[in-house]
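Note sheet for the following structure.
The values are calculated or read from the model by the stated rules, or taken from the named source; none is laboratory data. Note that this is a predicted model, so its numbers are computed, not measured. A quick note on method: Cβ atoms are made from the backbone with ideal geometry, for glycine too, and the neighbour counts reach across all protein chains shown.
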Amino acid sequence: MPPLQGARPDSARAGQVIHFTSELTLSSRRHTMSFMVGAIRLGRVLAGMLDDPTSGLVRYELIARPWANRYDTSSVWTSPEAIQRFVEHPVHAAVMRRHGPHLGPASFRTETIDAADLPIT
């Protein structure tokens, strides 16, 4: 599957932003199809957020490796509050409720970086 990704073309090139990454694994390939449907739904939510400059989303990417039961995400946000709004979004909450019990080991990382260090898209 090609990466689901997007970026705001007018992303500010000054100031600090938060880079959030996650590495998710599914406990079984049996859940792959429904998880991918959830990922596509979340991709639509994120694409819509890029159209709203007040959402706080600067860019996102999901790299799916279904044959390895692995899903890596990378997103850039303007604030911790913007990340929290996405986490609380009804679609994200529904996907996590449905698939949370089927996730294996996961890791999450945030780091504050200079927006000027982001690659130009």
Q. Counting just the residues of the range 32-83 that are surrounded by fewer than 20 Cβ atoms within 10 Å (Cβ to Cβ) and basic (K, R), which one comes out farthest from G104 (Cα to Cα)?
A. R44
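Within the bounds of the range 49-65, is there any residue that is over 16 Å from S22 (Cβ atoms), assigned to a helix (DSSP H, G or I), touching a strand residue (DSSP E or B) at 6+ places or on another chain (Cβ under 9 Å) and not hydroxyl-bearing (S, T, Y)? Don't jump to the end; show me each part of the working.
Of all residues in the range 49-65, those over 16 Å from S22 (Cβ atoms) come to 49-56, 58.
Add one more test, that the residue is assigned to a helix (DSSP H, G or I), and what stays is 49-50.
Keeping just the survivors that are touching a strand residue (DSSP E or B) at 6+ places or on another chain (Cβ under 9 Å) gives 49-50.
Imposing the further condition that a residue be not hydroxyl-bearing (S, T, Y) reduces the set to 49-50.
Within the range 49-65, one or more residues are over 16 Å from S22 (Cβ atoms), assigned to a helix (DSSP H, G or I), touching a strand residue (DSSP E or B) at 6+ places or on another chain (Cβ under 9 Å) and not hydroxyl-bearing (S, T, Y).
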Q | All positions within the range 83-101 that are free of Cβ contacts under 8 Å to residues at least 40 places away in the same chain and over 17 Å from L24 (Cα atoms) | A | Q84, R85, E88, P90
Q) Only one residue in R41, R13 is at pLDDT below 90, of a type in the set (D, E, K, R) and out of contact with any strand residue (DSSP E or B) (no Cβ under 8 Å at 6 or more places or on another chain). Which one? A) R13
Q: Identify all residues within the range 87-101 that are modelled with pLDDT of 95 or more and either part of a loop (DSSP other than H, G, I, E, B) or touching a strand residue (DSSP E or B) at 6+ places or on another chain (Cβ under 9 Å) (or both); write none if there are none.
A: E88, H89
